[in-house]
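What follows is a single structure, written as structure tokens, with notes after it.
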Amino acid sequence: MRIEMEVNGERRALEVEPRRTLADALREDLGLTGTHLGCEHGVCGACTVIVDGEAVRSCLMFAVQADGGRVRTVEGLASGAGHPLQRAFRAEHALQCGFCTPGFLMLLAAALERDPGIVRDEERLRELLTSNLCRCTGYEGIRRAALRAAEEMGR
Amino acid sequence: MKPAPFDYLVARSVREAVSALAERPSQARVLAGGQSLVLEMNYRRERPALLVDINHVPGLDGIEVEGGELRVGALARHRDFEEPVARDPLGRLLERVSRHIAHPPIRARGTMVGSLAYAHPAAEWPAVAVALDARLELAGPEGVRTVRAGEFFRGPFATARRPEEMITGVRLPLLGEGSGVGFVELRRTGASFALVAALAAITVEGGVITSSRVALAGAADRPLRVRGVEEALAGDPPSDETFAGAERRAALEADPVPEPHAGVEYRRHAAGVLVRRALERAAEDLEVNS
Ligand SMILES: Cc1cc2nc3c(=O)[nH]c(=O)nc-3n(C[C@H](O)[C@H](O)[C@H](O)COP(=O)(O)OP(=O)(O)OC[C@H]3O[C@@H](n4cnc5c(N)ncnc54)[C@H](O)[C@@H]3O)c2cc1C
Ligand code: FES
Ligand code: FES
């Protein structure tokens, strides 16, 4: 099927089989390999991207479902001076191997853009962070990075 | 793994979806939130030849109070319940339950009705549906029929839905002021289904429980309304002693299926404890809100 979507602000047209997941379309067809694939069943969150403003699992969505939609991937965060989350992750040592990082960045970008105040509610922030798995850094650095980025974004 | 090939149809109306299902009933599947179906397809436990995407059917995302009921359309997402959708205590119950389902990105896409259709024995919404004896609306080629939740669930991933039918919505009765609601669950991680979950709604008049609705998830091969517990509660005060009795009864009424992470006796015990805690929460909820 022929589909068209806006990816990181650019219109992209591509030909995909219906069974192509959004994750594979981004990685294989568009070369955007910043979106990672871990479990492919919704658990790890490495594949999290933003579709029409919503952080979603790109392994649990077919590319044809994003036809006409707006998709943001981790590559889109890096434009210009970068995103406050990128600076915060560096400052707080919120990554080691980096496998989970694109997913956490997109999860947090969607949540903070919707409401930077989410970090003031410890329980809500904890719950949000349990969405994705990190197997090496641990969650404390990621939590602190979320707080730091929220402060910058709330200003 | 990657899903097996399939044809994909974006349905623009219920009628279009139903006629597509009717053409290839056993090979077609409705695609709602995809948060269970796509996963099953990634595992290739599901290999439908046709997916009927209902996400673009207008009017299916409604959540409205109509008469004494809350009607939830097939595209209402788990997340839509995170803020109370009704002033009735039902709004508080759905809010608490929704916050226990998976995590935010899954809740943004997964639907209540999809969860009922999937019929995982430990899923939260099916337990809510049987506790309230919700009515499901099934649209087929011959029109719409209504099925009560008590008859809808037939076993793990098995329901009374015919392959050519699509569920358009579900109706949940309001509980009425004077009801207290409680929901608790036992889970190993936030990313998996609960091991066991319990919910309770009680109405108290003149110091005694006049009616109650109590149900369990993960305590049988399907969601389980524990009617013996409900009958025993009637006429008793909402006291520790009453709730301890409910704990014993619920453990007896539970009929857990063995699985690798929890044996039958463990689950039976947990079902009792959770029913007691859900009742305690319901009694607290009543105090706070009256
Ligand atoms: C990591 C993870 C954790 C999860 N944790 C939980 C949890 O704790 N509790 C829980 O309850 N669920 C959990 N889920 C499942 C999730 O809630 C799903 O959203 C839900 O089970 C199915 O809803 P859906 O809209 O995504 O349906 P889909 O995945 O689109 O469909 C599921 C099935 O129902 C059928 N179907 C869907 N809608 C209709 C309809 N309107 N008419 C007829 N058939 C229909 C489909 O054909 C398919 O067979 C989890 C999922 C993941 C990935
Ligand atoms: S790869 Fe999508 S959630 Fe793990
Ligand atoms: S940084 Fe390695 S998994 Fe999170």
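Multiply the residue gap between B:VAL65 and B:GLU177 by 0.36 nm, knock off their C-alpha separation, and tell me the result in nm, one decimal place. Write out the running numbers ahead of the final one.
Details: separation 112, 0.36 × 112 = 40.32 nm, distance 1.47 nm.
Full extension from B:VAL65 to B:GLU177 adds 38.9 nm.
With charges only on Cβ, +1 for K and R and -1 for D and E, what is the dipole size of the protein assembly as shown about its Cα centre, in debye, rounded to 20? Write down the numbers at each step before the final one.
Details: 57 positive and 63 negative charges, 209 e Å.
The calculated dipole for the protein assembly as shown is roughly 1000 debye.
Enumerate the whole-percent occupancy of each 20 Å bin, from 0 to the last occupied one, for all C-alpha pair distances of the protein assembly as shown.
25, 54, 21, 1
Listing A:ILE118, A:ILE142, B:ILE63 from the residue with the fewest other Cβ atoms within 10 Å to the one with the most, what is the order? Kindly include the intermediate steps, with their values, before the conclusion.
Values: A:ILE118 16, A:ILE142 24, B:ILE63 19.
Ranked by crowding around the Cβ, least crowded first: A:ILE118, B:ILE63, A:ILE142.
Only Lys, Arg, Asp and Glu count, each charged at its Cβ (+1, +1, -1, -1), so figure out the dipole size of the stretch B:158-290 about its Cα centre, rounded to 20 debye. Spell out each step's value before the answer.
Numbers: 16 positive and 20 negative charges, 107 e Å.
Dipole of the stretch B:158-290, to the nearest 20 debye: 520 debye.
Add +1 for every Lys or Arg and -1 for every Asp or Glu among the other residues with Cβ under 9 Å from the Cβ of A:VAL7, and state the total.
Values: positive: A:ARG11, A:ARG12, A:ARG70, A:ARG72; negative: A:GLU6, A:GLU10, A:GLU75.
Net charge around A:VAL7: +1.
What is the extension gain from A:THR33 to A:ARG90, computed as 0.36 nm multiplied by their sequence separation minus the C-alpha to C-alpha distance, in nm to one decimal?
Details: separation 57, 0.36 × 57 = 20.52 nm, distance 2.06 nm.
Stretched out fully, the A:THR33 to A:ARG90 stretch lengthens by 18.5 nm.
Relative contact order for chain B using alpha-carbon pairs under 8 Å, separation at least 6, rounded to a whole percent? Display every interim value, and only then the final one.
Details: 661 pairs, mean separation 46.6, N = 290.
This gives 16 percent for chain B.
What percent antiparallel are the DSSP beta bridges of the protein assembly as shown, to the nearest 5? Present the calculation step by step, with values, prior to reporting the outcome.
Working: 56 of 66 bridges.
In the protein assembly as shown, approximately 85 percent of DSSP beta bridges are antiparallel ones.
Any chance you could list the semi-axes, whole Å, largest first, of the equivalent ellipsoid that the Cα gyration tensor gives for the stretch B:165-290, using √(5λ)? Intermediate results must be reported in sequence, preceding the final value.
On the way: eigenvalues 121, 68, 35 Å².
Gyration-tensor ellipsoid for the stretch B:165-290: 25, 18, 13 Å.
Just want to confirm a number: the relative contact order over chain A, from Cα pairs under 8 angstrom separated by 6+ residues, in percent. Numbers along the way, then the final one.
On the way: 269 pairs, mean separation 38.2, N = 155.
Relative contact order here is 25 percent.
Considering only A:ALA94, A:ALA78, A:ALA145, give the residue with the highest GNM mean-square fluctuation for chain A, with springs between Cα atoms whenever their separation is below 10 Å.
Among A:ALA94, A:ALA78, A:ALA145, the largest GNM mean-square fluctuation belongs to A:ALA78.
Under a point spin-label approximation (7 Å from Cα along Cα-to-Cβ), what is the A:ARG155-A:THR130 distance to one decimal in nm?
3.3
Of A:THR33, A:ALA88, B:SER26, which is farthest on the positive side of the dipole of the protein assembly as shown, counting Cα position, with +1 on Lys and Arg Cβ, -1 on Asp and Glu Cβ, and the Cα centre as origin?
Going by the charge dipole, the pick is A:THR33.
Counting pairs of Cα atoms in the stretch A:1-80, how many percent are more than 22 Å apart?
12
Report, in deg cm²/dmol and to the nearest 500, the calculated mean residue ellipticity at 222 nm for the protein assembly as shown, where each DSSP H run with n ≥ 4 adds -39500 (n - 2.57) and the sum is divided by the residue count. Could you put the intermediate results ahead of the total?
Details: 14 runs with 144 residues, N = 445.
Dividing the helical sum by the residues of the protein assembly as shown leaves -9500 deg cm²/dmol.
Counting only C-alpha contacts under 8 Å and six or more residues apart, can you give the relative contact order of the stretch B:1-85 as a whole percent? Don't jump to the answer; show the numbers that get you there.
Working: 122 pairs, mean separation 28.8, N = 85.
Relative contact order here is 34 percent.
How long are the three semi-axes of the equivalent ellipsoid for chain B, computed from the Cα gyration tensor as the root of 5 times each eigenvalue, in whole Å, largest first?
On the way: eigenvalues 224, 89, 49 Å².
In descending order the semi-axes read 33, 21, 16 Å.
Only residues of the stretch B:192-218 count here: report those whose backbone N is under 19 Å from the spot 7 Å along Cα→Cβ of B:HIS261, or say none.
Inside the label zone: B:192-199, B:216-218.
Using a Gaussian network model of chain A whose springs link C-alpha atoms within less than 10 Å, name the residue from A:PRO18, A:PRO102, A:PRO116 with the highest mean-square fluctuation.
It is A:PRO18.
Which value in nm describes the separation of the simple spin-label points at A:ASP121 and B:ARG12, placed 7 Å from the Cα toward the beta carbon?
3.9
No lab work stands behind these numbers, since they all come straight from the coordinates. From a predicted model like this one, the values you see are computed outputs, not experimental measurements. So basically every Cβ, Gly included, is an ideal-geometry build from the backbone, and we count neighbours across all protein chains shown.
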